[in-house]
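Written below as structure tokens is the structure these notes are about.
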Amino acid sequence: CEALGTVLANEEVEEWTEKGYSVERRPMRQWMMRITAYAERLLEDSKELDWPASTVEQQRNWIGRSEGADIEFTVKGLSASIRVFTTRPDTLFGATYIVLAPEHPLVMEVVTVENRTAVEKYRAGARRKSELERGAEKDKSGVFTGAYAINPATRKEIPIWVADYVLMGYGYGAIMAVPAHDERDWAFAKKFQLPIVEVVKSPHDVNEQFYVSKESPCVASDNGEVSLNGLAYTEAFEKIVSWLQGRQIGRKTVNYKLRDWLFSRQRYWGEPIPIIHLEDGTLKPLAESELPLLLPELKKFQPSGTTESPLALATDWVNVVDSETGLTGRRETNTMPQWAGSCWYYLRYIDAHNAQEFCTREKERYWMPVDLYIGGAEHAVLHLMYSRFWHKVLYDLGYVSTKEPFTKLRHQGTILGEDSRKMSKSRGNVVNPDDVVREYGADSVRLFEMFMGPLEETKPWSTRGVEGVHRFLNRAWRMIVDEQGEPHSSINDVPMTPDQERILHQTMKKVTEDIETLNFNTAISQMMIFVNEFLNLEVKPRAAMETFVLLLSPFAPHVGEELWSKLGRTQSISHARWPHYEESKIRIDTVEMVVQVNGKVRAKFSVALNIDDELLKKMALDHEAVKKYVDGKKVEKVVIVKNKLVSVVVR
């Protein structure tokens, strides 16, 4: 934006044009990360990840791998040729025109004298649009260059157009248009009255509506050297590509929607890029001894007035003399994006105080890969993919020992307003967590968020729900602490009964396993069961109380720390060993069996777990409460539900 004197991101263009500013696209030399070189590995290695399927699919779609062919179209009257990439080379016989992106380097080479003014005007207009606008516009615009290309299959001349819906960022900035079998090409052809030729058998007139199919056979696709007629997509694809390769005018290839990662920002506050542009045109990285390169202290941060960042105005910092060669040079004035740090911060956590390297090899091998990453799904194709790419670069350079940074990924769900709609100020349904914390405490809010439901689900907020969890924490507190704030005198070093041991070990097992599987809501439910069982005991085993507090502490850390202290522990609960359950103490040796006669409950009695069916059947029929409903009648059927029910049918 000339008037603002600064570079705008695509997303900012609309805001400033609406305010009356003129914005245009200009080519700029900027630093790029070659993420496209890793496209195939990013796709292939994603198969090994324990990530949500939807997130992996988003990354696959963003990378956009497509198999197709490169095809060369010669330009009539010139030695130049136009290379296009197409996923449907089987429709080559139906290509009736070529479209170039306005930025395509051949545009001004092929344009005729008569059409030059119109083309230049159109290109100027395209420079004032962002790529987002160009892709979203439904009414496609374009202008004829006056030049023609030769369709290599039909050998016919086809017109070359310029249209801003074609972007330089995909393929080669040029497309072969097959309007009979592509929606966008069809709309463009209808608008500008260009030929529409059916080459895939269609159920209707392609002049009235386009038709896309990989099952229908090719038609009108024979030039005497190669014929695709009667062939469906797969066979036709291979045959036409083989013919193109034989004539050295095409080849099978793979393309990606993924573009190289723009790593330059025209602003002051990013990390400076440690490169010097020397007067002889060479680029020189700073020596390691000169790092880190720090930003200069500036009193003013006004735009530079060019496509450079405000750093260009810091002449004392920018202009340098290379001590090694004596050449003068300028520091790079672009800065890095915020991604420069956020892509690999997890590696610095491993060895944060190491002043020599980001982490030692020993610590990296011990800690990596990250076992579990919990984060929002909105990072699927940016942060998460950039981190994977960055990690692979470090892996190739020998700095890390794993191909992937995050083994397991889970997304947390969104918390909605109490009206079950997304929280929004305009809807008036926003819940301020500070207010809830003031009234109920941080642990109640934390615990309720985990109790609302499965981690990954979207859930509505409920103030009544917070009250319920708050009451549970109060009951857990009262189970251990009396009204004077001291531990209950009923807490003693007494042995537990078998039932108490069973409930405690069930709770240890449930909470431990649910933490591993992120099922926090059911872990809390089990702790509620524990409190219900132990709250009103006349004598409370100290071992059970201490173990419960340990289990509660990850969910309610403040309450857990306080209760740990009340129980006489002087060291923080965070240093305590996590409790381990014993499966043998969870096992139930007896079960209560229910006996029904013709669908009505007639008796209940205890038996050994997994008792023999025949013995159980005899015990049920001999039971005093059952006999009076069975004696003198014919027993037609006895159904046994293991460890639960005996159903007797009599007549």
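The values are calculated or read from the model by the stated rules, or taken from the named source; none is laboratory data. Since this is a predicted model, take the numbers as computed values, not measurements. As a convention, Cβ positions derive from the backbone with ideal geometry for all residues, glycine included, and neighbour counts pool all protein chains shown. Ligands, DNA and RNA are excluded from the accessible area calculation, which covers all protein heavy atoms including side chains. Shrake-Rupley method; radii C 1.70, N 1.55, O 1.52, S 1.80 Å.
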Legend entry - Spacing of the two label points (7 Å from each Cα toward its C-beta) at Asn432 and Arg365, in nm: 5.4 nm
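How big is the dipole moment of the chain about its Cα centre under a simple scheme where the beta carbon of each Lys and Arg is +1, that of each Asp and Glu is -1, and everything else is neutral? Debye, nearest 20, please.
Details: 84 positive and 93 negative charges, 324 e Å.
So the magnitude is around 1560 debye.
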Inset, instruction - Treating the angle as unsigned and between 0 and 90°, give the value, to the nearest 10°, between the Cα long axis of helix 116-127 and the longest Cα principal axis of the chain. - result: 20 degrees
Inset, instruction - Kindly provide the GluC sites (Glu not before Pro) of segment 488-564 that DSSP labels as loop, not H, G, I, E or B, and whose Cβ sees at most 14 other Cβ atoms within 10 Å. - result: Glu538
Inset, instruction - Quickly work out the Thr512-to-Met423 label distance, labels modelled 7 Å from Cα along the C-beta direction, and quote it in nm with one decimal. - result: 3.6 nm
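What does the accessible area per residue of the chain come to in Å², with a 1.4 Å probe and no ligands, DNA or RNA counted?
Working: 35820 Å² over 651 residues.
On a per-residue basis, the chain sits at 55 Å².
For the chain, report the % of Cα-Cα distances exceeding 47 Å.
Values: 96855 of 211575 pairs.
Value for the chain: 46 percent of Cα pairs lie more than 47 Å apart.
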Inset, instruction - Send over the Kirkwood Rh of segment 61-150, from the inverse of the averaged 1/r over different Cα pairs, rounded to one decimal Å. - result: 15.0 Å
Inset, instruction - Select from Val199, Val370, Ala187 the residue farthest towards the positive end of the dipole of the chain; place +1 on Cβ of Lys and Arg, -1 on Cβ of Asp and Glu, and compute about the Cα centre. - result: Val199
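Peptides 279-287, 35-43: what's the order by average Cβ count within 10 Å, highest mean first? Present the calculation step by step, with values, prior to reporting the outcome.
Details: 279-287: 11.4, 35-43: 17.2.
For the peptides 279-287, 35-43, the packing ranking is 35-43, 279-287.
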Legend entry - In order through segment 405-413: 3J(HN,Hα) via Karplus (6.51 cos²θ - 1.76 cosθ + 1.60), integer Hz, x for Gly, Pro: x, 10, 5, 10, 10, 9, 9, 7, x
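In a shell of Cβ-Cβ distance under 15 Å around Gly224, excluding Gly224 itself, what net charge do Lys and Arg (+1) and Asp and Glu (-1) give? Let's see the in-between values first.
Values: positive: Arg155, Lys156, Lys239, Arg247; negative: Asp222, Glu225.
The answer is +2.
Could you tally the net charge around Leu347, taking each other residue with its Cβ under 11 Å from the Cβ of Leu347, Lys/Arg +1 and Asp/Glu -1? List each step's numbers first, then the result.
Numbers: positive: Arg348, Lys363; negative: Asp351, Glu357, Glu364.
Here the count lands on -1.
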Legend entry - Surrounding net charge for Asp493, when Lys and Arg each add one and Asp and Glu each subtract one, Cβ distance under 11 Å: +1
Legend entry - Label-point gap, in nm, between Ser401 and Glu439 - each point 7 angstrom along Cα→Cβ: 5.2 nm
Inset, instruction - Let me know the charge dipole size of segment 394-552 about its Cα centre in debye, to the nearest 20, where only the beta-carbon of Lys, Arg (+1) and Asp, Glu (-1) is charged. - result: 540 debye
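Within the accessible area of segment 329-481, what % is carbon and sulfur when the probe is 1.4 Å and the other protein chains stay in place? Walk me through the intermediate numbers first.
On the way: 4180 of 8130 Å².
Accessible surface attributable to carbon and sulfur in segment 329-481 totals 51 percent.
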Legend entry - Sum of -39500 (n - 2.57) over DSSP H runs of 4+, divided by residues of the chain (222 nm, nearest 500): -9500 deg cm²/dmol
Inset, instruction - Return the whole-Å distance between the Cα centroid of segment 522-580 and the Cα centroid of segment 86-145. - result: 70 Å
Inset, instruction - For segment 37-50, take each phi angle, set θ = phi - 60°, evaluate the Karplus expression 6.51 cos²θ - 1.76 cosθ + 1.60, and give the result in whole Hz per residue in order, putting x for glycine and proline. - result: 5, 10, 4, 5, 5, 4, 6, 5, 6, 5, 5, 8, 8, 8
Inset, instruction - For segment 571-637, state which GluC sites (Glu not before Pro) are in a DSSP loop and have at most 12 other beta carbons lying within 10 Å of their beta carbon. - result: Glu582
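Let me spell out the model: positive unit charges on the Cβ of Lys and Arg, negative unit charges on the Cβ of Asp and Glu, origin at the Cα centre of segment 1-117. What dipole size does that give, in debye rounded to 20?
Details: 13 positive and 20 negative charges, 88 e Å.
My answer is approximately 420 debye.
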Inset, instruction - Would you work out if segment 1-151 is rounded, prolate or oblate? Take a ≥ b ≥ c from the square roots of the eigenvalues of the alpha-carbon gyration tensor; rounded if a/c is under 1.5, else prolate when a/b is larger than b/c, oblate otherwise. - result: oblate
Legend entry - Extreme residue, positive dipole direction of the chain, given options Thr335, Gly398, Asn532 (C-beta unit charges): Asn532
Legend entry - Taking segment 416-542 and dividing mean pair separation by its residue count, relative contact order in percent (alpha carbons under 8 Å, at least six apart): 27 percent
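Determine, for each peptide in 200-211, 132-143, 156-167, the mean count of other beta carbons within 10 angstrom over its residues, then list the peptides with the highest first.
Working: 200-211: 15.4, 132-143: 13.8, 156-167: 20.3.
Result, highest mean first: 156-167, 200-211, 132-143.
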Legend entry - C-alpha center-to-center spacing [segment 259-316, segment 397-475] in angstrom: 41 Å
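Quick one: with all protein chains in place, what share of the accessible area of segment 538-651 is carbon or sulfur, to the nearest percent (1.4 Å probe)? Spell out each step's value before the answer.
On the way: 3380 of 6950 Å².
For segment 538-651, the apolar C and S fraction of the accessible surface comes to 49 percent.
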Legend entry - Furthest towards positive pole of dipole, Gly146, Leu228, Val469, structure part the chain, Cβ charges: Leu228
Legend entry - Whichever lysines have a C-alpha closer than 25 Å to that of Lys257, once near sequence neighbours (fewer than 8 apart) are set aside: Lys47, Lys129, Lys138, Lys140, Lys214, Lys392, Lys403
Legend entry - Rounded to whole Hz, the Karplus (6.51, -1.76, 1.60) HN-Hα couplings of segment 438-448, x for glycine and proline: 4, 7, 10, x, 5, 5, 5, 5, 4, 5, 5
Legend entry - With Cα atoms, 0 to 90° folded angle of helix 463-480 axis to the chain main axis: 40 degrees
Inset, instruction - Would you please name the trypsin sites (Lys or Arg not before Pro) within segment 308-361 that are DSSP coil residues with at most 12 other C-beta atoms within 10 Å of their C-beta? - result: none
Legend entry - Cα-based helix-to-principal-axis angle, 557-566 vs the chain, degrees rounded to 10: 30 degrees
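Averaging over all projection directions, find the projected area of the Cα convex hull of segment 352-458 and quote it in nm² with one decimal place.
Values: hull surface 40.1 nm².
Taking a quarter of the hull surface, the average projection is 10.0 nm².
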Inset, instruction - Report the relative contact order of segment 529-651, percent, no decimals, based on alpha-carbon pairs under 8 angstrom and at least 6 residues apart. - result: 19 percent
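Once neighbouring chains are kept in place and the probe is 1.4 Å, which whole percent of the accessible area of segment 162-258 is contributed by carbon and sulfur? Write out the running numbers ahead of the final one.
Values: 2340 of 4860 Å².
The nonpolar share, carbon plus sulfur, comes to 48 percent.
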Inset, instruction - Take every DSSP beta bridge whose two residues both sit in the chain, then give the antiparallel share in percent to the nearest 5. - result: 75 percent
